[in-house]
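The values are calculated or read from the model by the stated rules, or taken from the named source; none is laboratory data. Treat the numbers as computed from the prediction; the structure is a model and nothing was measured. As a convention, Cβ positions derive from the backbone with ideal geometry for all residues, glycine included, and neighbour counts pool all protein chains shown. For the accessible areas, the whole protein counts, side chains as well, though only heavy atoms, and no ligand, DNA or RNA atoms are used. Shrake-Rupley method; radii C 1.70, N 1.55, O 1.52, S 1.80 Å.
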Amino acid sequence: MTAANGPARFRTWILAAAICATVVAASAAGVRTIGETPSDGARNGATTPPAQSIEPPPLALPEASWKLSWSDEFNGRGRPAKWTALSGTSWSNRKALHYYSPANAVQDGSGRLVISGLRTRAADRPACWYGPCDYSSARLETRKTFDQAYGRFTARIKLPLGKGLWPAFWLKRSDAGRSGSTTYGEIDIMENRGHETHLVRAYTHSKGRKGGGQITLPERLDAGFHVYGVDWTPQSITWWVDGKPYAQYPRYPGWPFDEPFYLILNLQVGGSWVGNPTTTTRFPARMVVDWVRVYRQR
């Protein structure tokens, strides 16, 4: 199996968190400043000279030579051995409507992993925060089998679309404390709100900080496979789709992205960030993963 070729052109936005809370937007031509936190003088009514336009070179992937360190091609049947499938509702986020079941993530025998979001009708459904869970889905992790600090993390995925769906491919620091702690670190390689049919989002989360960006593709995300990746070095984190970089987050003093992280694949149903499914949301909703590959720098 080979990666799909990237689209010929992208319409791109960056939302990259800088140390001074500078907000930037990116296009194929480069990066320009569009807003920044006012100085103390400006807050007190003092006048300041207008900000100068900044046009650095177009965003590029870090120069590196990569060597494969871990992969899963999903060439078997049944549950994938390199991942741990979670169960229950403890890991659901922001008032999700589903529970996680290992049975919802299986290899199809044709070299692909299928994570399914399903409507549930059985009388013995687990309890969600609102009552018996109306949906089931799956979350897979490599916390017990693999983690790595720095490298290229990439997967070839075909996404489901529809209101209330939240597919994601992301990394979490292996020794992370609770969200908001000084040790918490999260790198979202790809996430999508299912009603945003062409929009890919990718962010980092750490104590008091958020960085990353988003990109709009010319075709619907459920029309075919795309390769979603991040190049993570000691100097920066750079996101790309089909080899095209669209956002970068530079190192800052004290950043938590210098320890091993493990991989997560999951599909959430419902919640405050994505909204709840409607009558137009199709189930089963299937997130299909062709492969996951991790590289380290030679």
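For segment 170-298, give the magnitude of the charge dipole about the Cα centre (Cβ charges: +1 Lys/Arg, -1 Asp/Glu; no others), in debye to the nearest 20.
Working: 16 positive and 12 negative charges, 39 e Å.
Dipole size: approximately 180 debye.
Roughly how far apart, in whole Å, are the Cα centres of segment 219-298 and segment 67-128? Between the Cα centre of segment 219-298 and that of segment 67-128, the gap is 17 Å. Placing R0 at 35 angstrom, the Cβ-Cβ distance between residue 95 and residue 175 gives a FRET efficiency of 0.80 after rounding to 0.05.
Loop-located trypsin sites (Lys or Arg not before Pro) across segment 190-274 with a Cβ neighbour count of 14 or fewer within 10 Å are 220, 251, with loop assigned by DSSP.
Among the listed pairs 82/163; 144/210; 95/144; 95/172; 67/163; 67/95, which have their C-alpha atoms separated by more than 29 angstrom in this model?
82/163; 67/163; 67/95
Add +1 for every Lys or Arg and -1 for every Asp or Glu among the other residues with Cβ under 11 Å from the Cβ of residue 158, and state the total. Overall, the nearby charge balance is +2. Think of segment 79-169 as having a plus end and a minus end, set by charges on the Cβ of Lys, Arg, Asp and Glu; of 161, 96, 137, 161 sits farthest toward the positive end of this dipole.
Charged neighbours of residue 235, selected by a Cβ distance under 13 Å, balance to -2 (K, R count +1; D, E count -1). List the trypsin sites (Lys or Arg not before Pro) in segment 108-154 that DSSP assigns to loop (not H, G, I, E or B) and whose Cβ has at most 14 other Cβ atoms within 10 Å. Which are they? Within segment 108-154, the qualifying trypsin sites (Lys or Arg not before Pro) (loop, at most 14 other Cβ atoms within 10 Å) are 121, 144.
Report relative contact order for segment 169-212 in percent, whole number only (criteria: Cα-Cα under 8 Å, sequence separation at least 6).
35
Rolling a 1.4 angstrom probe over the protein heavy atoms with all chains in place gives segment 243-288 an accessible area of 41 Å² per residue. Around residue 255, what is the net charge, scoring Lys/Arg as +1 and Asp/Glu as -1 over all other residues with Cβ under 14 Å from its Cβ? Local net charge: +2.
Give me the percent of accessible area attributable to carbon and sulfur for segment 228-298, probe 1.4 angstrom. Please report the intermediate quantities before stating the final value.
Working: 1180 of 2610 Å².
Carbon with sulfur: 45 percent of the solvent-accessible area.
For segment 52-155, what does the accessible surface come to per residue with a 1.4 Å probe? Please give it in Å².
Numbers: 5590 Å² over 104 residues.
For segment 52-155, the per-residue accessible area is 54 Å².
Length available on full extension from residue 82 to residue 144: 0.36 nm per residue minus the Cα-Cα distance, which gives 21.4 nm.
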